[in-house]
Each structure stands twice: as structure tokens, then as C-alpha cells.
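The structure appears right after this line, and notes come after that.
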Amino acid sequence: MSVALKRSPLTDSAPVDWRQRIYQVMNSQAFVALLFLLLPVALLAALKIWPVFYNLYLSFTRYELFEPPRFYGLKNYSYVFTNSTVRQSIFNTLLFTIEAVPIGTALALVIAKLLNQSIRGRVFLRTLYYLPVVSSVVVSAMIWRWIYSPQHGLLNHLLGTVGIPPQNWLNDPNLALISLVIVTIWGSIGSNMVIFLAGLQDIPRDIIEAARVDGANALQNFLLITVPLLRPVILFVVVTFTISIFRNFGLIFMLTQGGPFNRTNTMVWEVYQNVFGYLRFGRGAAISVVMLLIVLVLTMISFRVLRDRQGA
């Protein structure tokens, strides 16, 4: 009887083991790391993930600020693909990307290769090329507005010295988009150059020297050795540069505001017009969803091209 009334050693130690286990978990490095990560993850969910899904929801509604959202089906997406102005903005955005990304990426790579050499003033030149990146969009736009000025612009003055008549760069339908491409390339060379410099400095010197010993000249070394080894870096630059062009709003707002005749009306400007100009939040959300899908498709194509060439 006395033996039956005795408590089992397991029942005595179980609460102690449970409390000790909780104490060990709370004092572990993994638990402390999780606590530090909770706030950034919560902020990411609140500021990035939730707005994406809410925007997707709005794209299927009719929402005009003073009325509650009402389900609208696919009518907003039908508007995106049937409205001539929106289709023009999609075409302008794709044309903008096709013109700016290859030229800007190639220029940044060439400049990075030149500034990776042991030349005098290398640090100063790197800083000079990086200045547009840290400059305000407003300041950059005002500078280029003066450069493109039809009457007193620096560019027209330089063209006049060689006998070319002055051009109305920002108001000519045939030149406005090209003018924005030039400004965009100018503003992006610095950041892309820094990325390429990091990639160039990561290439083993032994490979370059071996190719030089085998008789490869500087151009062959660059095209056949350096560029293939930089292919992952080039992919990263192309993808990030493409995304930045799709988000390019400040320069358009300051320089052209979508004109003339909608020749510089890009998708991000069309989103701005529908949301803040016409207060049509559903249509603006639908355009932004289509813009996101286009960026995803272009990114997948870039990854596919890189994978195929690596496999080859």
C-alpha cells in the first residue's frame, strides 16, 4: 500500500524537465535570432506582401475613392488591353526598355573594364561616374531640362558648332523618348559600373594571364574570357535595370509628363494618371498587375537565355 502511494520518479521530474526545456529554448541563439527577425518580417509583410495582394484584389473592383469597392470582374483588364492610350503606354515602356537596357549595360561594362585598370585618377573617375546615382532626381531633371532647352540648351549649342540646327528634344514626338533614354542611361551607369567592377575584381587573374600567354589580344580576352565569366553579373544588371525602367516615374514627371502626344507615356505614368488624376483605383491596380507580369516574363526570359548559354 505504501509502495502504491509513492510517486513515480517520472511524474516528479516531468514538470521540471518541461520548464527546463522552455528555459533552454528561450535562451538559445535560434530563439534570440527569431525575435530579432520577427519585426523585419512583420514590416515586410505589412509594407510589401499585403499591398501586393490588396492591389490584386482592387484590380477586380470598381473603386473610385468616394464609393466602396465593388466587384467588377475582368472589366479593368479588358480596359487595359482595349484602350489605345494604355496600349500605347505598354508599347512605350517596352521600347524604352529595349533601347535603354542593352546600351546602358554595355556602356557600364566597358567603363567598368577601363576603370579596373591601373590608370591615373581611377578613384576620381569612379566617383565622377557615380555622382548621378547619389544626385536627386529633381536636380538631375532640372540639369537635363537646361541641356535640352531649345533656345539656350548646351546640347543644341554643341550641335550648332557643327552646323546642325537646334532640336526641340523634349517636345518633338520623334525625339522625346530617345531623350529620356539618354537621361536614364546617364543616371544608371554609375550603379551598374560598381556592380561590374565587383564582378571584374572577382575574376581570377590566372585565367586572364593564361589566355594572354596563349596569344589572345585585349579584345579577344575581353569578349571570350571576361564577358562569359561575368554572365551572372550581367544577368543581375539586366534584371535590376529593367525593373528600374518600369518604375521610372520621376524623370517623366519632371521632363515630359507623358507627352508629347503620349510618346513618353509609360505604364507607371498611366498608373499615376488613373489613380491620382482620374481617381480610378481599380484601373490603376489592373495596369500595375499587368506591369508586374511583364517584368516577370522579361526576367524569366533573361534567366532562360543565361541558362541555355551556360548549358551550351
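A short reminder: the numbers here are calculations on the coordinates, not readings from a lab. Nothing here was measured: the structure is a model prediction, and the numbers come from that model. Methodologically, a virtual Cβ is constructed for each residue, glycine included, from the backbone with ideal geometry; neighbour enumeration extends over all protein chains shown.
With respect to residue 285, determine if the residue is without any contact (Cβ under 8 Å) to a residue 40 or more places away in the chain and outside any loop (DSSP other than H, G, I, E, B).
Spelling it out, it is not the case that residue 285 is without any contact (Cβ under 8 Å) to a residue 40 or more places away in the chain and outside any loop (DSSP other than H, G, I, E, B).
Please list, ordered by first then second residue, the pairs with beta carbon atoms under 7 Å, 6 or more apart or interchain, first in region 208-226 and touching a residue at least 60 places away in the same chain (Cβ under 8 Å), second of a type in the set (D, E, K, R) and part of a loop (DSSP other than H, G, I, E, B). Matching pairs, first to second residue: none at all.
Scanning region 131-181 for residues that are of a type in the set (Ser, Thr, Tyr) and either surrounded by 16 or more Cβ atoms within 10 Å (Cβ to Cβ) or touching a Gly at 6+ places or on another chain (Cβ under 6 Å) (or both) gives 140, 148, 149, 179.
For every residue, the table says whether it meets (1) loosely packed, with under 14 Cβ neighbours inside 10 Å; (2) among the small types (Gly, Ala, Ser).
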residue	(1), (2)
71	yes, no
82	yes, no
90	no, no
108	no, yes
118	yes, yes
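Under the condition of being under 20 Å from residue 97 (Cβ atoms) and assigned to a helix (DSSP H, G or I), the residues counted in region 145-190 number 15. Only residues that are without any contact (Cβ under 8 Å) to a residue 40 or more places away in the chain and outside any helix (DSSP H, G or I) were counted across region 227-257, and they come to 3.
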